[in-house]
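> Let me begin by handing over the structure; questions about it come next.
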Amino acid sequence: MTQSVDTETLAMLKEVMEDDFNNLINTFLDDARQRLPLLREQLAASDYEALRRTAHSLKGSSSNLGAMPLSELCFQVEHRANEHQLSGVEGILQEIDAEFQQVSDILSQF
Amino acid sequence: MSQQAKPLKILIADDTETDRRILEAIVRREGHEVISVCDGQEAVTAYEREQPDIVLLDALMPRLDGFGAARQIKELAGEELVPIIFLTSLSDTESLVRCLEAGGDDFLSKPYNRVILQAKIKAFNRMREMHQEVQIQRDQIASHNDHLMQEQTVAKQVFDNIAHTGCLDASNVKYLLSPLAVFNGDVIVAAIRPSGSMMVLLGDFTGHGLPAAIGAMPLASSFYGMVQKGFSMVDILREVNQKLKQILPIGVFCCASIVDMNFSKGKIRIWNGGLPDCYLHRSGTGEVEPIRSTHLPLGVLDDSSFKDDCLHFEMEVGDRLYMWSDGIIETRNPKGEMYGEERLQQVFAGNKVPGQVFDDIVNSVHEFAGGERDDDLSLIELTMAEPGQIDGGPRDYSPQRHSGMMEWSMDLELQPSTFRLFDPLPLLLNILVEVPGLRTHSGSLYTILAELYSNALEHGVLGLSSELKHTPEGFAEYYQQRQQRLDTLEEGTVAFSMDHRVLGDGGELILKVTDSGTGFDHQNNIDNPHKRVGYSGRGIPLIRTLCHSLRYIGTGNQVEVVFRWDGDD
């Protein structure tokens, strides 16, 4: 099974960010915690464009932190929002919640 | 900081804080200065304020997205190259195309890869520096070019002042010369001699640009100076040749044709050194006689090897002479073929109205060239006219009439070695025009001197018979004999005696020419009004129209001409 967070990416980030690394992790987690409920609201409102943008943004930042499975799930949401195909998105959001929990645990301990 | 010598200013625009902070950290670690903003609108404002070297733009941002920001920034940058790199996790082709269309130069996809970003920044910085270099060089080239054009304009003005003081605007002259011909090395100069004949030189210097132009200046100034003073064509040719030989580097020379068109005799004398055949077009029959180059160009041989023998042709009024540089024959059409001499001959063959040949040639060449203007065409048409029809342009009138030589006399005796080598006419004319009142009559005086001198030398000293000149063959024979006798002449003299006195408001010149010959029966020929016209070849009737009186003295080896001028002339 794929790792929820790629530790090599994290190590590289730690080197680049130096003292700012913990700050970066916290920023990511705070940001994600705000966006996850947004995804549900936008799905409920069938706001395709907003949903697409939120998912797109989360996809980008999670990939930058090495959270590739989470990024991939976000991409699926972005893609379906773009195609206006919202059936099944609810299920993906549940997967995202679970995956984020994993990512969050790993990042907090790193 | 790695090898980057000079830190760059890099603008980052991304609305996702995590991504933005990672990017800032990577760029800063490379030693660059970072300006960080959260949307496209802020990016444009920051660009204007900070003038960054490279811009990193997220595609999707609130307020103004990356596409809009890129467009505005590229517009603000103008000629400056500001590389824009789109930060994107967009992966569909359509979105990438939008980035490029908005002015993006490259992409950086998420997750960010530090090594790739470094490489891109370096590559774009090199490109930016190269662009700046190219712009600096472009501006330098533009400024050098401006400078060069300005110099050429000044040089052309100087050249025009020297070269175009002549009579190119006379009614029997049509010519075509590129506006920048001086820098193509082509030159046309034309002037009326004191005798009233017209001297024209068409020259084509080897090469282009300044080296070709330089030789045209001394050529034109020698030409005009000498024509005005009455020097003969041969003297002018030799002088120009010698001068060019002296000043031009090896390999630079001047192909030229020079012609002396005598309207009163209906004759031309022509010398062609290296130019394409000149054409003599007979208006009556439509026939064309080519006049081949039989000499090397000017500026090649030194004076002792230089050949100055000329060809003589008779021309009826309306007959036309064409001279051109090789530009016409070498004009190429879009397929690269040359216009060539055959096409030129066809223009003449197809011509019905002689007055249109010139335009026909020009049109034919332009048509052949496919409508493109070819600036290398130099062409001149000279039409034989009645004497007196040609306006020689402004003459040199002296404002101070009585300040020069007024009362004087002089004697000059020429001996055989001088006849062979020296033309005394310019010298004598130069002395005569020291009398301001005579200056305006230099044309008439030249004619009188020239006729009397050639009579004294050819008929008196050399004993040639003017009968010979009745037929064209005899004419050639005459000049052959003249040369032969001159070469072997051992004794004989021609003496000029000039005496000038003030007379009323003007003056009187008494000119005596005495030769060592036996004279002739002037009483039964020249002095007899019934036979005056018939005694050909001596130009006496012409002289009589130009002076106050003419009389032969003694056995006829002495002639006296009285020339009067009025201060009111």
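What follows is calculated from the coordinates using simple rules that are stated; it is not laboratory data. All values derive from a computational prediction rather than experimental measurement. Glycine gets a Cβ as well: all are built from the backbone with ideal geometry, and neighbour counts include every protein chain shown.
> Any chance you could run the full-extension gain for B:Lys265 through B:Arg238? It's 0.36 nm times the residue separation minus the Cα-Cα distance, nm to one decimal.
My answer for the length gained is 7.3 nm.
> For region B:252-262, just list the computed ³J(HN,Hα) in residue order, Karplus coefficients 6.51, -1.76 and 1.60, θ = phi - 60°, integers in Hz, with x standing in for Gly and Pro.
Values, residue by residue: 9, 8, 10, 6, 8, 10, 10, 9, 10, 9, 9 Hz.
> What 222 nm value per residue comes from the helices of chain B, counting each DSSP H run with n ≥ 4 as -39,500 (n - 2.57) and dividing by all residues, nearest 500 deg cm²/dmol?
-12000 deg cm²/dmol
> Given R₀ = 56 Å, FRET efficiency for A:Gln94-B:Arg28 by Cβ-Cβ distance, to 0.05?
Between A:Gln94 and B:Arg28 the formula returns 0.90.
> Still on this structure: Sorting B:Asp487, A:Asp19, B:Asp14, A:Asp105 on the 10 Å Cβ count, fewest up front, what's the list?
The most exposed by this proxy come first: A:Asp19, B:Asp487, A:Asp105, B:Asp14.
> Under 28 Å Cα to Cα from B:Lys174, which lysines show up? Leave out anything in the same chain fewer than 8 places away.
Partners found: B:Lys156, B:Lys229, B:Lys265, B:Lys267, B:Lys352.
> Using 0.36 nm per residue, how much length does the chain from B:Asp566 to B:Arg544 gain when fully extended, once their Cα-Cα distance is taken away?
6.2 nm
> Tell me the label-point distance for the pair B:Glu467, B:Glu75, using the 7 Å Cα-to-Cβ offset, in nm and rounded to one decimal.
9.9
> Specify, per residue and in Å³, the volume enclosed by the convex hull of the alpha carbon atoms belonging to region A:7-109.
Normalising the Cα hull of region A:7-109 by residue number yields 80 Å³.
> Quick check: from the Cα gyration tensor, does region B:189-338 come out rounded (a/c under 1.5), prolate or oblate?
oblate
> Report the Cα-based extents of region B:95-235 along its three principal axes, largest first, to the nearest Å.
Projected onto the principal axes, the Cα atoms of region B:95-235 cover 96, 25, 22 Å.
> If I model a spin label as a point 7 Å beyond the Cα along the Cα-Cβ vector, how far apart are those points for B:His131 and B:Glu413 in nm?
9.1
> Moving on. For chain B, compute the orientation-averaged projected area of the C-alpha convex hull (one quarter of its surface), in nm².
39.9
> Please give every one of the aspartates and glutamates within straight-line cross-link reach of B:Lys245, meaning a C-alpha to C-alpha distance under 13 Å, and leave out same-chain neighbours fewer than 8 residues apart.
Counting by Cα, and skipping residues close in sequence, B:Lys245 has these aspartates and glutamates nearby: B:Asp302, B:Asp303.
> Farthest toward the dipole's positive end in the protein assembly as shown, which of A:Asn26, B:His144, B:Thr555, given Cβ charges of +1 (Lys, Arg) and -1 (Asp, Glu) about the Cα centre?
The one lying farthest along the dipole's positive direction is B:Thr555.
> In addition: Just need log10 I(q)/I(0) for region B:9-134 at q = 0.14 Å⁻¹, Debye formula, equal scatterers on the alpha-carbon atoms, no solvent, rounded to two decimals.
Rounded to two decimals, the profile gives -0.52.
> Check cross-link reach from A:Lys14 to the aspartates and glutamates: straight Cα distance under 18 Å, and skip same-chain residues fewer than eight apart.
Straight-line reach from A:Lys14, under 18 Å: A:Asp6, A:Asp105, B:Glu17, B:Asp19, B:Glu24, B:Glu30.
> Calculate, in nm to one decimal, what B:Arg420 and B:Asp360 gain on full extension: separation in residues at 0.36 nm each, minus their alpha carbon distance.
Length gained, B:Arg420 through B:Asp360: 17.1 nm.
> Also, quick follow-up: State the three equivalent ellipsoid semi-axes of the protein assembly as shown, derived from the C-alpha gyration tensor as the square roots of 5 times its eigenvalues, in descending order and whole Å.
Rounded to whole Å, the semi-axes are 99, 25, 20.
> Once R0 is set to 45 Å, what does the formula 1/(1 + (r/R0)^6) return for the Cβ-Cβ distance between B:Gln389 and B:Lys335, expressed as a FRET efficiency to the nearest 0.05?
It comes to 0.50.
> Percent of alpha carbon pairs in region B:408-565 separated by more than 29 Å?
18
> Taking the Cβ of each residue in B:Thr418, B:Thr488, B:Thr493 as the centre, tally the other Cβ atoms inside 10 Å and list the residues starting with the fewest.
Going from sparsest to densest Cβ surroundings: B:Thr488, B:Thr418, B:Thr493.
> Now a separate question. Using unit Cβ charges (K, R positive; D, E negative) and no other charged atoms, how large, in debye to the nearest 20, is the dipole of the protein assembly as shown about its Cα centre?
Roughly 1800 debye for the protein assembly as shown.
> May I ask you to sort B:Glu151, B:Glu560 by Cβ crowding, counting other Cβ atoms within 10 Å and putting the fewest first?
Exposure proxy ranking, most exposed first: B:Glu151, B:Glu560.
> R0 = 25 Å: FRET efficiency of A:Glu49 with B:Glu94, Cβ-based, nearest 0.05?
0.95
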